[in-house]
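Reviewing the structure listed below.
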Amino acid sequence: MTKLAFKIAALFSALALALTACSSSNDNNTAGSPSQQTLNVYAAASLKGVFTELESEFEKENPGVDVAFNFAGSSDLVTQITEGAPATVFASADTKNMTKLQDAKRVEGTPKQFAKNTLQIAVPPANRAGISNLQDVTKSNVRRVICAVPVPCGNATEQLAKNAQLNFKPASEEQSVTDVLNKVIADEADAGIVYVTDVKGAGDKVAGIEIPTNVNVINDYPITLVQGSSDQELGQKFIDLVLSDKGQQVLHEAGFLAP
């Protein structure tokens, strides 16, 4: 082999070694990079705005974590969890549904109360039905929508009817408070019984009519880790954020009452 050929062969050999080392380094970096974690949070539909706002704060504090929400009626969420859905955190819009989960032995530790909520009448901005009070909602010409009884807002509405000695006789009963609100927003209902926070969160899409405090109902909101779930340490961090000054401030700004 000539000296020139030997030098060329040596150069190619060195280059191949360098490329191999570089490839190995990249593989190691990939293997050592933090894997994406998913935290499954099941929460009452009325918490969507608040928890979505807290999501960015939580993910910023916990790099590599993606919070996956399932927002629905609390009773539906309890059913899903007891049937094996992979929830790590559960936040209910009432204590009744949390108790159901406790009875099913799916609650880890003691649930924490983190907020309260109360009812309000939502009407389309034009309010063509001329509703100004709770009694107006029961008029025969009014298309009214409420939550189904198993749902927390439905339980609260049922108690409201008893307190006010009224019969709402709804056009439809929905499986979440969001569904009731959307019926009003779409002008498919003249009135809906929802939470104060739903009316506030809808902005100018609906108008709110107060319900007298002497007949109104207040719901307590508890939050818990789900027994046997994965990533419980991460789930506890999310609960801690909800209970923190930051979490409580976001809840207050959304119209929730202090626990």
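Against the 2.2 N^0.38 Å scaling, with N counting residues, where does the range 41-141 land? I'd like the Cα-based Rg ratio to two decimal places.
Details: Rg = 17.8 Å, N = 101, 2.2 N^0.38 = 12.7 Å.
Normalised Cα radius of gyration, the range 41-141: 1.40.
Quick check for me: using +1 on Lys/Arg Cβ and -1 on Asp/Glu Cβ, what's the dipole size of the chain about its Cα centre, in debye to the nearest 20? Could you put the intermediate results ahead of the total?
Numbers: 21 positive and 29 negative charges, 45 e Å.
The dipole magnitude comes to about 220 debye.
Looking at the P(r) of the range 117-218, how many percent of alpha-carbon pairs lie beyond 19 Å?
Numbers: 1516 of 5151 pairs.
Of all Cα-Cα pairs in the range 117-218, 29 percent lie more than 19 Å apart.
Mind jotting down the distance between the C-alpha centroids of the range 217-259 and the range 132-171, whole Å?
One Cα centre to the other: 29 Å.
Counting pairs of alpha carbon atoms under 8 Å apart in space and at least six apart in sequence, what relative contact order in percent does the chain give? Provide the component values of the computation, followed by the final result.
Working: 452 pairs, mean separation 68.4, N = 259.
So the answer I get is 26 percent.
Using the crude model of +1 on Lys and Arg Cβ and -1 on Asp and Glu Cβ, and no other charge, please compute the dipole size for the range 117-218 relative to its Cα centre, in debye to 20.
Working: 9 positive and 11 negative charges, 40 e Å.
Value, rounded to 20: 200 debye.
Run the helix sum for the chain: -39,500 (n - 2.57) per DSSP H stretch of 4+ residues, divided by residue count, reported at 222 nm to the nearest 500 deg cm²/dmol. Mind dumping the intermediate values first?
On the way: 10 runs with 115 residues, N = 259.
Rounded to the nearest 500, the figure is -13500 deg cm²/dmol.
Work out from phi, with θ = phi - 60° and the Karplus expression 6.51 cos²θ - 1.76 cosθ + 1.60, the ³J(HN,Hα) of each residue of the range 224-232, listed in order in whole Hz, and give x for Gly and Pro.
8, 7, 8, 4, x, 7, 8, 6, 5
Just how many pairs of Lys in the range 103-218 have C-alpha atoms closer than 20 Å, counting pairs that are eight or more places apart or on different chains?
7
Using the Karplus curve 6.51 cos²θ - 1.76 cosθ + 1.60 with θ = phi - 60°, work out ³J(HN,Hα) for each residue of the range 58-72 in order, rounded to whole Hz, and write x for Gly and Pro.
Whole-Hz 3J(HN,Hα) from phi for the range 58-72: 5, 5, 5, 7, 10, x, x, 10, 10, 8, 9, 9, 10, 9, 6.
Under a GNM of the chain (C-alpha, springs under 10 Å), which listed residue has the highest mean-square fluctuation: Ala161, Ala87, Ala191?
Ala161
If we count every other residue with Cβ under 13 angstrom of Asp187's Cβ, Lys/Arg +1 and Asp/Glu -1, where does the sum land? Walk me through the numbers on the way to the answer.
On the way: positive: Arg128, Arg143, Lys183, Lys205; negative: Glu188, Asp190.
Around Asp187, the surrounding residues sum to +2.
Quick one: 3J(HN,Hα) in Hz for the range 123-132, Karplus 6.51/-1.76/1.60 with θ = phi - 60°, rounded, Gly and Pro as x.
Rounded to whole hertz, the list is 10, x, x, 6, 6, 5, 7, x, 7, 10.
Set Lys and Arg Cβ to +1 and Asp and Glu Cβ to -1, take the dipole of the chain about its Cα centre, and tell me which of Phe114, Ala45, Tyr195 lies farthest positive.
Working it through, the farthest residue towards the positive pole turns out to be Ala45.
If each residue of separation counts as 0.36 nm, what is the full-extension length gain between Lys60 and Glu83 once their alpha-carbon separation is subtracted?
Details: separation 23, 0.36 × 23 = 8.28 nm, distance 3.20 nm.
Extending this stretch completely gives an extra 5.1 nm.
The chain: D in µm²/s via Stokes-Einstein (Kirkwood Rh, Cα pairs, 10 °C, 1.306 mPa s)? Don't skip to the end; give the middle numbers.
Numbers: Rh = 20.8 Å.
For the chosen part, D equals 76 µm²/s.
Quick one: order Thr79, Thr110, Thr88, Thr178 by neighbouring beta-carbon count within 10 Å, fewest to most.
Working: Thr79 17, Thr110 8, Thr88 25, Thr178 21.
Ordered by Cβ neighbours within 10 Å, fewest first: Thr110, Thr79, Thr178, Thr88.
For Ser172, list long-range residues whose amide hydrogen, built 1.01 Å from N in the peptide plane, is under 5 Å from its own amide hydrogen.
Ile146
Once both labels are modelled 7 Å past Cα along the beta-carbon direction, what's the Ala207-Glu188 spacing in nm?
About 2.3 nm, to one decimal.
Every read-out reported here was derived from the displayed coordinates using simple, explicitly stated rules and does not represent laboratory data. The structure displayed is predicted, hence computed values, not measured ones. Cβ coordinates were reconstructed from backbone atoms using ideal geometry, including for glycine residues, and neighbour counts include every protein chain displayed.
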